[in-house]
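Following: one structure in structure tokens, then a few remarks.
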Amino acid sequence: MAAFELPVEHVDVLVVGGGPVGLITAYQLARNLPRSAHRIKIIEQYPKSSQDNYGRAITLFPRSSEMLDQLGLADSLAQQCFACRETVNYDKHGNEVEGRGWAFMQNMKDTKWDFALVLRQKYQEEVFRKALAREGVQLDAPYTLVGIEIIEGVEVGGHRVLATIEHGETKAKSLVKCRYLVGTDGGRSFVRRSMNIPFDGSSSEDKWVRVDGVIETDLPKPRTYCAIESPTHGNVLWAALDRGATRIGFAFTAKRQKAYEVFDEEAAVKEAIASVKPFSLKFKQVDWWTIYVVGQRIARSFFVNDCIFLAGDACHTHSSGAAQGMNTGMHDAVNLGWKLSLVLQGLANPDLLRSYEAERLPNVQRLINYDKDISRLMTMQLPEGWTGDPNADPNEILGVVMAEAATFSSGLGIYYEADSYLNLVQSSGVASVQPGQRAPDVTLQKPATFEATRLQVETPNTATFYIALFAGEVSRTKLALSAFTVSTLSLAWLHDSHVPISCLSIFAGPGGPSAYETLDESCRGNVYVYHTDNGHFIEGDSETVTFEKTLSVPWTSQIKSFFLHPQIDAVHTVKFPTHITLLRLPFENIKDPVALQEFLKDVTKDWQPLLLEGNQTSATGRLHCSREKRSILLETPAECTPYHYLSISSIAGNPYRWQGVYAYDEKIGTQDWHKSLKEGVWDCFKPQSTVEPLPFDAFACLTRDIISGYIRAVTNEALNIMSEIEDIEHSFQTGSHRGLSTLLHRLNEFNHTIRFLRLWNQIKFSIEVARWANDVLRPSRYTLLQFGLLNLAQSLEQYHPDRLKESIAELRQHIIDVAAEERQARDERRHNREDDRQKREEELREMREKGRREQEVERQRREHDRHMRADAQQEKDDLRAIREEMLLAQSIRIAEETQRDSRAMRGIAWVTIAFLPATFVSSFFGMNFFNGIAGNVPFDEASRNVWLFFVVAVPISGIVLFAFYFWDKQEMKKDELRLRVVEEVATTVQDETRTAQSAGEFL
């Protein structure tokens, strides 16, 4: 049949591959798109009934579980899974070692899914297929993709992909025209090869083996995720599975492969038993086993021709060492699913699809880099390019690498780069919230019922954007919420029901009987109450922020920074990172709106942003300046009281105006606070003068206090870091630690934490502030104020993160060196013990050898005596044998002569027996004949008598002859039997004699 004659089917998306990644991709599309307007088709090359019943991928880490939870699938998996929260690591002697292997799994926090969800792929796919069927899409199998063609002249987004598929049994072909094609067809992807996409990477000579089954063992903690440091099989995986099964995984090096011509299930079980020594292992039932080549490969592109996607193993393959294969594929599918759903509905520009590769490829590359090291370390090889101790223990290094990759492995630390072109604006300045990061899954309460729920439950993945309004305590933010509501009224897209945007409002405090009454008309979407004990939200005491001229704003004490935008032209445009707040003016002296507007402009007109090095701004403050005017907005950390925000403007180095923001407890009045502030300023000058300070002097002292307080807070943060390092060093020096590997684990976690701190930005900001203050405070009568600030700020340079990291690196190297020394000492002690043992064994061997030689001499003497006796006995036996042979020969001769005599006598007897009847008949006949001639007896009567004799005598003679014949036969057999017995006896005696002679000669 010609190609144009083949049946043609039109669909929106063709998914090639019915594994977990393909099923999740198809499920999202079927769930998000209207059935009446869109068609999704998914094909699978193999019928599921013929595929492995068990085996393959098993583990979902927390982030993957969260994603599936937002798709409504995780609960079904949890019903069947083994929830693994405990891990253990054993060394080669069977001793438990902390801080290695899978230890990071015990620190997966801040999520409902704080465990490894272990469920074999067979059962996961069943859940996904049933969910897909409920959305009206069936998996078509067995169908194989045999051709792909891009139709020229069809615009992007049209049915420009022509796929040829073939039924696996009937071999019937058909055509599918689709707008987009997603290749999830595994590591040997036909889609990838058809599109000529390079698959960069390499494979090793080593292979890995996995065996699933029901077992018996003496392992202390068999129902855990366990690692066994085997000297022969690398870092062995022991994973508790669903339904009481267990997986054993180990490295099968090229050296061990040479021992097998054929590697079958029996060989796999044998190697599995050997891999877990010193623990015992017995398989009661083997469910599945496999052997595969280890390698790392990544496709050069995940999206080609504006219509072909690759996902899962089709675009990246690696070892199962970190258990990331299916997890990474899930992330691919979820990332692609919502974007493709929006584009197909016309709700997003097709250019959005390019972000799939831009976001996924860097994270996959990170995984490949980690896996290269992990896979080598699990086979007891040091990573490529290793520059450390060449004798380092790969198991210790593996623990360090897996600890560094902990948040990546769990998925909770995976993020997309903040400079992605999807981000239209930069971060607002809140250090803990960055674009591309995972939103925390916090506990909320529904209004009225106070039923507990979670943020991720209320924001399911339906290809919808969510706007979350964090309202704080409504009693303090109601005005700001009202202003926000008013400002959003003009946003038509926010109120369009066709736009995929949902809103929810979250506020603190008791829920009350009515959310509407609590928030008036300020609430957006559904309303929820967050718990005050939830660490992801901030709640402060009721305080007031006061500007000069009594400008005030409700605020939260833990807000870390705020800024006034240069384009401010109205009160409600003031922006806070965590709250949208409305400034209010409680003073009543200003009634004129024009004057009020001028006042606000006067407050804000001089503020211009100054970007610090690397286009980064401090997490706790900002420095602002302009070409002709300089100003600074300074915030003291929360632990510095009173709480100050200070803006100082200057021209030509001379300050001309300053505005302060003062935080104070409501129990203390404004006048009292200013009075205490003034007294503090006065105390500041008393050591030098009793003159009442000028306003500028008060300003200078206040500035110094605020800046020094900020610098001290930064110093304290740096000291806390140093204290942690010193604590680790102290534990190391005093030996109070639980193991060097534990210290290395702490150092790596701490080093990872430092990466996300903004300490260096804070230090640079402190130095900038101190330098500025050095110039600004010069007109003050008390110039000593400026020098202390600059010295204090410059002292912070010793806490540069690079220096901290150097300290950590030095300490880590010191620990590694000590560990190496300890290992060398242990090796020396082991070598000494080995030498002593060998020496003792040598002495014992010499003593045993000497005793053996003496025993050999004694044995040879006894052997010689025995040979002499044996020779004498042999001579006797020879003589006896000769005599017995002579006697046997004589016996044979006599037996033969007896047989001849017997035969002769029987011959004579035969003649005699035969002759006597004949003689008697002849005699009788003759007498009667001659008597008849003589006339004494008539001849006829004589004849009658003769025949009467024959009738009587002849049968009797025949019987006698017949009986004698059988008697003669029996006698002949007896003679032959006697002769044969005599000959056999003679032969047996001769054989025994020869055997005895041979044995004697051998002995």
Name all residues of the stretch 280-315 having a backbone nitrogen under 14 Å from the label point set 7 Å from the Cα of Arg193 along its Cα→Cβ direction, giving them as ranges. 314
Select from Gly157, Ser319, Phe263 the residue farthest towards the positive end of the dipole of the stretch 3-410; place +1 on Cβ of Lys and Arg, -1 on Cβ of Asp and Glu, and compute about the Cα centre. Gly157
Report the calculated FRET efficiency for Glu98 and Glu5 (r = Cβ-Cβ distance, R0 = 56 Å), to the nearest 0.05. 0.25
Can you pick out the pairs among Lys255/Lys277; Lys92/Lys255; Lys130/Lys372 whose Cα atoms lie more than 25 Å from each other? Lys130/Lys372
I need the peptides 60-67, 828-835 ranked by packing, meaning the mean over residues of other C-beta atoms within 10 angstrom, with the highest value on top. 60-67, 828-835
Can you compute the modelled spin-label distance between Asp218 and Asn369, with each label point 7 Å from Cα toward Cβ, in nm? 4.6
Which percentage, to the nearest 5, of the DSSP beta bridges contained in the stretch 3-410 is antiparallel? 75
Computed FRET efficiency, Cβ-Cβ of Trp386 and Ala825, R0 22 Å: what is it to the nearest 0.05? 0.45
Would you mind counting up the charge near His831? Only other residues with Cβ under 14 Å from its Cβ, with Lys and Arg at +1 and Asp and Glu at -1. +2
Near the amide H of Arg454, under 5 Å away, which other amide H atoms are found, from residues 5 or more places off or on another chain, if H is placed in the peptide plane? Leu444
By the scheme Lys and Arg +1, Asp and Glu -1, what is the net charge of all other residues having a beta-carbon under 13 Å from that of Leu887? +1
Nitroxide proxy distance, nm - points 7 Å out along Cα→Cβ at Ile882 and Glu854: 4.6
Compute the distance in nm between two label points, each set 7 Å from the Cα along the Cα-to-Cβ direction, one at Gln345 and one at Arg243. 3.8
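Throughout, read-outs are computed from the coordinates displayed, never taken from laboratory work. What you see is a predicted model, and the numbers here were worked out from it, not measured in a lab. Don't worry about glycine lacking a Cβ; one is built from the backbone with ideal geometry, like all the others, and counts go over all protein chains shown.
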